[in-house]
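**Q** Okay, here's the structure, questions in a sec.
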There are 4 protein chains.
Amino acid sequence: MSVFSHQNAVMFQHCDPAGIVFYPRYFEMINAVVETFFDRAVGWSFAQMHSVERVGVPMGRIAVDFHAASRLGDVLDWTLEVTRLGGASCDLEIRGACGREARLTVTGTLVLVDLDRMTSLRWPRERRANLQRYMEGAA
Amino acid sequence: MSVFSHQNAVMFQHCDPAGIVFYPRYFEMINAVVETFFDRAVGWSFAQMHSVERVGVPMGRIAVDFHAASRLGDVLDWTLEVTRLGGASCDLEIRGACGREARLTVTGTLVLVDLDRMTSLRWPRERRANLQRYMEGAA
Amino acid sequence: MSVFSHQNAVMFQHCDPAGIVFYPRYFEMINAVVETFFDRAVGWSFAQMHSVERVGVPMGRIAVDFHAASRLGDVLDWTLEVTRLGGASCDLEIRGACGREARLTVTGTLVLVDLDRMTSLRWPRERRANLQRYMEGAA
Amino acid sequence: MSVFSHQNAVMFQHCDPAGIVFYPRYFEMINAVVETFFDRAVGWSFAQMHSVERVGVPMGRIAVDFHAASRLGDVLDWTLEVTRLGGASCDLEIRGACGREARLTVTGTLVLVDLDRMTSLRWPRERRANLQRYMEGAA
């Protein structure tokens, strides 16, 4: 089993008048983690998906626990694991930390959809195999 | 019991290359619903809270179910109810719909915090009474 | 000659750690002014333009002078005038103020484009007539 | 003379329903270029400036020419030069390109301000010397 990891700095654009990350900006970061995961780990860039194949992976459900605030200049370490792989969907667990301090834990369900019909699609065999490598219990 | 309601149009800035609302933008809308609720229903504007009293109401947890996509030009009707009122926290249920179609359901927990110390604070009595009016079962 | 006007409140999502509007957020507001102008004054909603007719009005050039900072809770009054109307383009002057205090002055050039070919298009006659009403010197 | 360079990918969050970068998102990128320049080239991080020294470098004026659209997956190469260095201000020229194609040219004026008083401040001697290295004609 592999764990996908990614990193980003907390920039000025992410912070609110309290000097901490404004939580909607975390969802942009979470989307960037997923986008980078699909690009690098699954081998399926969002450009290829959206612009060429006309498919997307919108979130059907997302839940986030915020454990501690993040501040300007913090470097966030993200990990992503696949916790369930359905025919047309995929559950993810994404964790954000700064050093040894947990900042947020995300659970979400992605669905593969045909963007023109907005109907779900089964994972192509090769993409599915790539996703499976990031699932706990995977060989 | 009162239900707080609010409305916003889906603007160009909210939409992604698939022509639907990019989900991090929903969280900006959700924050605006909460900010407007505090201003109009609780009588406690974010300007007063942040700039004068140095308190805030960050989300401790948020979960969202996305039922159907929203498109450019849709008008979203939001409702907000208080589902639990703790000493220093508050559970909310927020629903977004377009016409008769449910678009998303949000459950979240806000915590009242002292922004300088980042410690939780008990709701002031009058603010608490205002929040209570939006709680199910309230007289 | 008509002047188009529009209003928005400075919300939490617009403000930076200094407690003032983060300037990229002004461009979202400016875009919303233009989008609302096209919808209400020109009679051509962005939904109609983008989703149905596959045309858009991207900025070719924009320049902004920031006169004074805006803060959480400020209400911004916007005005928009057409200063030049070309065959496929249009110069705008947009001013944002809070009460009697000027906050920013924007000059920009929009171009009407075919989104599929990314080539410029001449203004349709009726749309052009509507734009002209907001031009100085117009009858 | 040194030219500061920086790079970022066009991510899903930057793109609009036309599939191209939504121009307010360019200003977030421009701000990130400036923020990274101050951190790495001037040796003055925004965290240090804002959270510790209570100073900032807001834009007083910014003008952007958009030469060609950027799409999902494009990698943007940014360069930044100082074109004028005043007592409390600084003119910048920032260029964004993708491969050999120019995408946008930015000219802007930053002002060093005391965040608590919102008054301008003279550049500290060492910071000024660092800025000067990125000015044309500098030794």
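The values are calculated or read from the model by the stated rules, or taken from the named source; none is laboratory data. What you see is a predicted model; the values in this text were computed from it and never measured. Here Cβ is always computed from backbone atoms with ideal geometry, including for glycine, and neighbour counts include all displayed protein chains. Each accessible area value is taken on the protein alone, full model and side chains, heavy atoms only, with ligands, DNA and RNA left out. Shrake-Rupley method; radii C 1.70, N 1.55, O 1.52, S 1.80 Å.
**Q** Given points 7 Å out from each Cα along the Cα-Cβ axis, report the D:Arg84 to A:Arg84 separation in nanometres with one decimal.
**A** The two pseudo-label positions are separated by 6.2 nm.
**Q** While we're on this one: Given the rotation relating C and B, tell me which residue in C puts its Cβ closest to the axis and the distance in Å.
**A** Taking Cβ atoms only, the nearest residue and its distance are C:Glu28, 5.
**Q** If you take each beta carbon of peptide D:105-116 and count the beta carbons of other chains within 10 angstrom, what is the mean?
**A** On the way: counts 1, 0, 1, 3, 2, 0, 1, 0, 2, 0, 5, 1.
Average per residue, whole number: 1.
**Q** Also, I was wondering about something else. Would you calculate, for chain C, the mean residue ellipticity at 222 nm contributed by helices, counting each DSSP H stretch of 4 or more residues as -39,500 (n - 2.57) and dividing by all residues, to the nearest 500? Spell out each step's value before the answer.
**A** Details: 2 runs with 23 residues, N = 139.
That comes out to -5000 deg cm²/dmol.
**Q** Taking each label point as 7 Å beyond Cα in the direction of the beta carbon, state the distances from B:Met1 to the same residue in the other copies, shortest first, in nm.
**A** 4.1, 5.6, 6.9
**Q** Going by amide H atoms built from the backbone, whose H comes under 5 Å of the H on C:Val55, apart from near neighbours?
**A** C:His50, C:Leu115
**Q** Something else: Name the residues whose placed amide hydrogens come within less than 5 Å of the amide hydrogen of C:Phe4, ignoring near sequence neighbours (fewer than 5 apart) on the same chain.
**A** Excluding prolines and chain starts, which carry no amide H, the hits are C:Leu80.
**Q** Label C:Arg133 and C:Ser2 with points 7 Å out from Cα along Cα→Cβ: what is the distance between them in nm?
**A** That separation, rounded to one decimal, is 0.3 nm.
**Q** With θ taken as phi - 60° and the coefficients 6.51, -1.76 and 1.60, list the Karplus ³J(HN,Hα) couplings across the range B:87-95 in order, rounded to whole Hz; mark glycine and proline as x.
**A** Result, rounded to whole Hz: x, 10, 9, 6, 9, 10, 10, 10, 10.
**Q** Additional query: Put a point 7 Å out from Cα along the line to Cβ at D:Pro124; what are the distances to that point in the other copies, in nm, shortest first?
**A** 3.8, 5.4, 5.9
**Q** Within a 10 angstrom radius of each residue's Cβ in C:71-78, how many Cβ atoms of other chains show up on average? Whole number is fine.
**A** Values: counts 4, 10, 7, 1, 0, 0, 0, 0.
What the average comes to for C:71-78 is 3.
**Q** Right, next: Just how far, in whole angstrom, is the range D:40-114 from the range A:1-55 if you go by their alpha carbon centroids?
**A** So the separation of the two Cα centres works out to 23 Å.
**Q** Sticking with this one: Taking each residue of B:58-67 in turn, how many C-beta atoms of other protein chains fall within 10 Å of its C-beta, and what is the average?
**A** Working: counts 8, 6, 4, 7, 8, 7, 8, 6, 7, 2.
Mean inter-chain Cβ contacts per residue within 10 Å come to 6.
**Q** Against the globular-protein guess of 2.2 N^0.38 Å, express the Cα radius of gyration of the range A:1-135 as a ratio, rounded to two decimals.
**A** Details: Rg = 15.4 Å, N = 135, 2.2 N^0.38 = 14.2 Å.
For the range A:1-135, the normalised Cα radius of gyration comes out at 1.08.
**Q** How large is ³J(HN,Hα), in whole Hz, for each residue of the range B:46-54 in order, when computed from phi with the Karplus curve 6.51 cos²θ - 1.76 cosθ + 1.60 and θ = phi - 60°, using x for Gly and Pro?
**A** Taking θ as phi minus 60°, the curve returns 4, 4, 4, 4, 6, 7, 9, 8, 6 Hz for the range B:46-54.
**Q** From the label point of A:Glu53, set 7 Å along Cα to the beta carbon, how far off in nm is each other copy's matching point, shortest first?
**A** 3.5, 4.9, 5.1
**Q** Something else about it: What is the percent carbon and sulfur in the accessible area of the range C:4-132, measuring with a 1.4 Å probe over the protein chains and ignoring ligands?
**A** Values: 2250 of 5020 Å².
Roughly 45 percent, rounded to a whole number.
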